[in-house]
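Working notes for the structure below.
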Amino acid sequence: MDAPGYARNRTVSTVGPGLFAPVGFLGAYLAVGPVSGASADRPLPLPGSPASDVAAYYAANPTAVGTTAGLQILSVACFAVFVAALAPALRAAGGAWLPRVGYLSVAAMVVSSALSVTLAMIASSASDATVQILRQSNFYAGGVVNVVTLGVFVVGSALVLGRELLFGKPTRWFGFVSGGIAMMGLLSLAFYYANVALPVGRVLSMVWTIVAGIVVYRRVKAENRIIDAAPARSTER
């Protein structure tokens, strides 16, 4: 089965939830700031801040930390649903490795969220070294690993499914640009100013998943109409 065959062999009712899950992917992520910020008594210290500042924040704001973790997990859960919906097309087009990359991105954010909650639970009694390790691990898992693997998934999917004509040029090139910026976040490990690629690449890649889901949904809907019309034409003859 080729990628266009994916559209012919699916129905709107079966693919709809998966292809529109990216709305939740982006929506839950964007909700983190205002929702958790409303219950926090101070800004979250940046990675590299003194351990005492980090510990004080996590100890004083367990509700904000828990809310953030919950929304982040909800966000990537929606992304996982999208990856699962797109997986048959990716496998059919020779990109069987791409769903695994998508799920790795999901796992990275889940680990990051778990580390954040753990830090909130032990911040008041943990040593400075433990606080720094947990905070840095939380940042790298939910930042660099999550975003870079998301970028790889987006670029790979745009390339593979664009080549198989499931995506047109605009969707394909949007994927290259958004996913490429996300992948550039890897440079933040060596260059501080490359950190800007992480939030920009993340949000653009999230928007791409929404666009891709709509494109595939419309393709499936169009193929369904053609299939439904075929018996009618045969009967008329």
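The values are calculated or read from the model by the stated rules, or taken from the named source; none is laboratory data. All values reported here derive from a predicted model rather than from experimental measurement. Cβ coordinates were reconstructed from backbone atoms using ideal geometry, including for glycine residues, and neighbour counts include every protein chain displayed.
Just to check your reading of the model, which residue among VAL32, VAL111 is in contact (Cβ under 8 Å) with a residue 40 or more places away in the chain, surrounded by fewer than 20 Cβ atoms within 10 Å (Cβ to Cβ) and either of a type outside the set (D, E, K, R) or within 25 Å of TYR217 (Cβ to Cβ) (or both)?
Values: VAL111 fails: in contact (Cβ under 8 Å) with a residue 40 or more places away in the chain.
None of the others qualify; the one that does is VAL32.
Which condition number in (1) touching a residue at least 60 places away in the same chain (Cβ under 8 Å); (2) over 15 Å from the mean Cα position of the chain (by Cα); (3) buried (at least 19 other Cβ atoms within 10 Å of the Cβ) is the one that LEU134 fails?
(1)
Taking the conditions exactly as written (of a type in the set (Val, Ile, Thr) and under 26 Å from MET184 (Cα atoms)), does VAL65 satisfy them or not?
On the way: of a type in the set (Val, Ile, Thr): yes; under 26 Å from MET184 (Cα atoms): no.
So VAL65 does not fit the description; no.
So which pairs qualify, if the first residue must be in the range 179-200 and more than 16 Å from VAL152 (Cβ to Cβ), the second must be acidic (Asp, Glu) and part of a helix (DSSP H, G or I), the Cβ gap must be under 8 Å, and the two must be at least 6 apart or on different chains?
If the second residue must be acidic (Asp, Glu) and part of a helix (DSSP H, G or I), no pairs are left.
Pick out the one residue from PRO62, PRO45 that is surrounded by fewer than 17 Cβ atoms within 10 Å (Cβ to Cβ) and closer than 26 Å to PRO199 by Cβ.
On the way: PRO45 fails: surrounded by fewer than 17 Cβ atoms within 10 Å (Cβ to Cβ).
None of the other options fit; the residue is PRO62.
I'd like to check something: does the range 94-107 contain any residue that is surrounded by fewer than 24 Cβ atoms within 10 Å (Cβ to Cβ), under 23 Å from SER52 (Cα atoms) and of a type in the set (Ser, Thr, Tyr)?
Looking for residues that are surrounded by fewer than 24 Cβ atoms within 10 Å (Cβ to Cβ), under 23 Å from SER52 (Cα atoms) and of a type in the set (Ser, Thr, Tyr), one finds none in the range 94-107, hence no.
Just checking, does the range 174-193 include any residue being more than 23 Å from GLY48 (Cβ to Cβ), of a type outside the set (Asp, Glu) and in contact with a Pro (Cβ under 6 Å, 6 or more places away or on another chain)?
The answer is no; no qualifying residue exists.
Against the definition (aromatic (Phe, Trp, Tyr) and either within 30 Å of SER52 (Cα to Cα) or touching a Phe, Trp or Tyr at 6+ places or on another chain (Cβ under 8 Å) (or both)), how does PHE167 come out, yes or no?
Details: aromatic (Phe, Trp, Tyr): yes; either within 30 Å of SER52 (Cα to Cα) or touching a Phe, Trp or Tyr at 6+ places or on another chain (Cβ under 8 Å) (or both): no.
Criteria not met by PHE167.
Please identify the pairs in which a residue from the range 144-167 that is free of Cβ contacts under 8 Å to residues at least 40 places away in the same chain has its Cβ atom under 7 Å from the Cβ atom of a residue that is buried (at least 24 other Cβ atoms within 10 Å of the Cβ), counting only partners at least 6 apart or on another chain.
Once the first residue is free of Cβ contacts under 8 Å to residues at least 40 places away in the same chain and sits in the range 144-167, its partners that are buried (at least 24 other Cβ atoms within 10 Å of the Cβ) give VAL148/ALA182; VAL148/GLY185; VAL155/GLY175; VAL155/GLY179.
Checking the condition within 18 Å of PHE167 (Cβ to Cβ), in a helix (DSSP H, G or I) and either at pLDDT 95 or above or not hydroxyl-bearing (Ser, Thr, Tyr) (or both), which residue from ALA89, ALA56, ALA77, ALA64 passes? Step through it out loud before you land on a result.
On the way: ALA56 fails: within 18 Å of PHE167 (Cβ to Cβ); ALA77 fails: within 18 Å of PHE167 (Cβ to Cβ); ALA64 fails: within 18 Å of PHE167 (Cβ to Cβ).
Unique residue meeting the criteria: ALA89.
Hey, does the range 157-175 have a residue that's modelled with pLDDT under 95, touching an Asp or Glu at 6+ places or on another chain (Cβ under 7 Å) and of a type outside the set (Val, Ile, Thr)?
There is at least one residue in the range 157-175 that is modelled with pLDDT under 95, touching an Asp or Glu at 6+ places or on another chain (Cβ under 7 Å) and of a type outside the set (Val, Ile, Thr).
Could you say which residue among GLY162, GLY175 is under 15 Å from the mean Cα position of the chain (by Cα) and part of a helix (DSSP H, G or I)?
On the way: GLY162 fails: under 15 Å from the mean Cα position of the chain (by Cα).
Among GLY162, GLY175, only GLY175 is under 15 Å from the mean Cα position of the chain (by Cα) and part of a helix (DSSP H, G or I).
Look through GLY24, GLY94 and report the one residue that is more than 26 Å from ILE122 (Cα to Cα), in contact (Cβ under 8 Å) with a residue 40 or more places away in the chain and part of a loop (DSSP other than H, G, I, E, B). Break it down stepwise before answering.
Working: GLY24 fails: part of a loop (DSSP other than H, G, I, E, B).
The unique qualifying residue is GLY94.
Can you find, within the range 181-207, the residue that is surrounded by the most Cβ atoms within 10 Å (Cβ to Cβ) among those that are farther than 18 Å from GLY102 by Cβ and β-branched (Val, Ile, Thr)?
Selected residue: VAL200.
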